[in-house]
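**Student:** Have a look at the structure that comes next, please.
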Amino acid sequence: MSNIPRSSKSFPYKYRATRTYSELCKRKFDSKIEARRGEELKLLEQADVIDDLQYQVSFQLCKKPSIKIKIDFVYWLEGEPIYEDVKGMGETREFRVKRAWLKEKFGIEIWVTS
């Protein structure tokens, strides 16, 4: 993993997270902790423990106004889909509302890891 330099003109990331590039996953992550978890999951996928690892999967909760929730990781474990989100600083009120809305609308439970 390597830290991605930001220009001095860019806005700071939420909760001072450091955008991080993963050579293993060949992609950028919003934080070091998310990159670390992404690499763990990638290794599990390569070892055939999990299947079909996807990053930043979006679900539309409402069309008008457009409200979406983006989940960090979706993968299959023992034939069941797992929806996982990484939170380094705890859950915001907005996330808790969208999480409940996602469960109500689609029956999807999000595993929150840190």
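Just so it is clear, none of the values below were taken in a lab; they were calculated from the coordinates. Just so you know, these numbers come straight off a predicted model, no measurement behind them. In this analysis, Cβ positions are derived from the backbone assuming ideal geometry, glycine residues included, and neighbour counts consider all displayed protein chains.
**Student:** Quick one: of Lys42/Lys70; Lys63/Lys105; Lys42/Lys103; Lys70/Lys105; Lys63/Lys87, which pairs are farther than 22 Å apart, Cα to Cα? Spell out each step's value before the answer.
**Tutor:** Values: Lys42/Lys70 19 Å; Lys63/Lys105 13 Å; Lys42/Lys103 26 Å; Lys70/Lys105 15 Å; Lys63/Lys87 26 Å.
Violating the 22 Å limit, Cα to Cα: Lys42/Lys103; Lys63/Lys87.
**Student:** Quote the relative contact order of the chain in percent (integer), defining contacts as alpha-carbon pairs under 8 Å separated by 6+ residues. Mind showing how you got there, number by number?
**Tutor:** Numbers: 163 pairs, mean separation 18.7, N = 114.
Computed over the chain, the figure is 16 percent.
**Student:** To the nearest 20 debye, what charge dipole does the chain have about its Cα centre, counting +1 at the Cβ of each Lys and Arg and -1 at the Cβ of each Asp and Glu?
**Tutor:** On the way: 23 positive and 18 negative charges, 224 e Å.
In debye, rounded to 20, the chain gives about 1080.
**Student:** Can you list the residues, at least 5 places off or on another chain, whose amide H is less than 5 Å from the amide H of Ile82, using H built in the peptide plane?
**Tutor:** Tyr75, Trp76, Leu77
**Student:** If you don't mind, there's one more thing I want to ask. Can you give the Kirkwood hydrodynamic radius for the chain, in Å, rounded to one decimal and based on Cα pairs?
**Tutor:** Values: mean 1/r = 0.0655 Å⁻¹.
Value: 15.3 Å, from the Cα pair sum.
**Student:** Something else now. Out of the stretch 21-77, which GluC sites (Glu not before Pro) are coil in DSSP terms and have no more than 15 other C-beta atoms within 10 Å? Walk me through the numbers on the way to the answer.
**Tutor:** Details: sites: Glu23, Glu34, Glu39, Glu40, Glu45; in loops: Glu23.
Those satisfying the criteria are Glu23.
**Student:** Amide H of Phe29 versus every other amide H placed in the peptide plane: which residues, excluding those fewer than 5 positions away on the same chain, fall under 5 Å?
**Tutor:** HN-HN under 5 Å from Phe29: Thr20, Tyr21, Ser22.
**Student:** Between Lys103, Lys87, Lys42, where does the largest GNM mean-square fluctuation fall for the chain, given springs only between Cα atoms within less than 10 Å?
**Tutor:** Looking only at Lys103, Lys87, Lys42, the biggest GNM fluctuation is shown by Lys103.
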